[in-house]
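Data first, discussion second: the structure below is written as structure tokens.
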Amino acid sequence: MKYKKESLLIILIGCFLWLPVFAEKKVEGPTTRDMNLMNWQEFQRFVPEQIESVLLPVGSIEPHGVMPSGTDSLAPEVMAREIALRLNALIAPTLNYGVTPAMQAYPGAVSITEEAYSPFIKNILKGLADNRFINIIILNGHGGNTAFLQKAAAEISNLCRVRILVVNWWALTSEVTQEVFGEDGGHAGNNETAYIQAVYPEHIHPEWFDREMATPNAKGSAWYAVPVPSSILLYEKGQGYPTFDKKQADQYFQKVNKRVAELIEDIIRKWDKAKLYR
Ligand SMILES: [Zn+2]
């Protein structure tokens, strides 16, 4: 009789020991963060009850010095993958095409008109809002898109009562660029080249580079040229040339991702604090 009681106790303890395992199963994340790979039933299970945010990478296809023409969408796409888990966000399919009329003349470039781009991006934002995301984070890699993204963000946020943040990563991280390279960056300069070199080193071609491929940006309204005279554009004269240093690239990559994630966390925290669209 005594033996049986002890067995019962052991069984009971055994059951309690298993509890955390079952409890843990309940809070397991989705099988993927990529909306392209996620099944609709799983999406329904997680959004918005457990996942409130979506990252939307947008870019352009245009010349970038001695690096890939898709840099402006490759960078935010990789960034989204790097920070999605930390932000508990899903990743929407990348919009690879953007507005780049001044670079259209270069081989391999494709520019979308404002008349086509603006309604298209608004439809994407509305679609994500209809899917009940509370925070839509646009990770933008291309300066030519910025004005249209901001306009679309304002319109759709007010229309659909959804929070939208546009992050222009190269501008946000200018302090990181200063910290890592000791100088300012540029279009296809040290900053963008390093970020891509950290992930796709085989597609960076230092052997094709010469300093004459770079032009300092115009100061204010000093000049404007179409096509732009070179695909490397330095934010400051004499600064921002690519360094092609893999170690520096890896360091820059980590610091940029951290800075972008911190900004997004901060903005969402402030939205929550203000109880907007809750
Ligand atoms: Zn770029």
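All of the numbers you see were taken from the coordinates with simple rules; none came from a lab. Because the structure is predicted, anything quoted here is derived from the model rather than measured. Glycine also receives a Cβ, built like all others from the backbone with ideal geometry; neighbour counts cover every protein chain displayed.
Here's the picture: charge each Lys and Arg Cβ at +1 and each Asp and Glu Cβ at -1 in the stretch 21-177, and of 119, 92, 157 the one pushed furthest to the positive end of that dipole is 157. Taking all C-alpha pairs of the stretch 99-193, those more than 22 Å from each other amount to 41 percent. Using only side-chain charges placed at the Cβ, +1 for Lys and Arg and -1 for Asp and Glu, the dipole size of the stretch 136-200 relative to its Cα centre rounds to 480 debye.
The stretch 215-278 and the stretch 75-91 have Cα centres lying 17 Å from one another.
Assuming a viscosity of 1.567 mPa s and a temperature of 4 °C, what translational diffusion coefficient in µm² per second does Stokes-Einstein assign to the stretch 21-170, Rh being the Kirkwood radius over Cα pairs? Translational D for this selection: 81 µm²/s. Scanning residues 5 or more positions from residue 91 or on other chains, those with amide H under 5 Å from its amide H are 34, 35, 55, with H placed 1.01 Å from N in the peptide plane. Computed from backbone phi with θ = phi - 60° and the Karplus coefficients 6.51, -1.76 and 1.60, the 3J(HN,Hα) list for the stretch 151-158 is 4, 5, 4, 4, 5, 6, 4, 6 Hz; x is used for glycine and proline. Tell me, which longest segment in the chain has none of the chymotrypsin sites (Phe, Trp or Tyr not before Pro) that fall in DSSP loops with at most 12 further Cβ atoms within 10 Å? By the stated rule (loop sites, at most 12 other Cβ atoms within 10 Å), 1-222. For the stretch 30-273, relative contact order (Cα pairs under 8 Å, six or more residues apart, normalised by length) works out to 21 percent. Simple rule: put +1 on each Lys or Arg Cβ and -1 on each Asp or Glu Cβ in the chain, find the dipole, and look at 40, 102, 188; the Cα lying farthest toward the positive end is 40. Secondary-structure-derived ellipticity at 222 nm for the chain, considering helices only, amounts to -14500 deg cm²/dmol, per-run term -39500 (n - 2.57) for DSSP H runs with n ≥ 4. Overall dimensions of the chain, expressed as equivalent-ellipsoid semi-axes from the Cα gyration tensor (√(5λ), whole Å, largest first), are 44, 24, 16.
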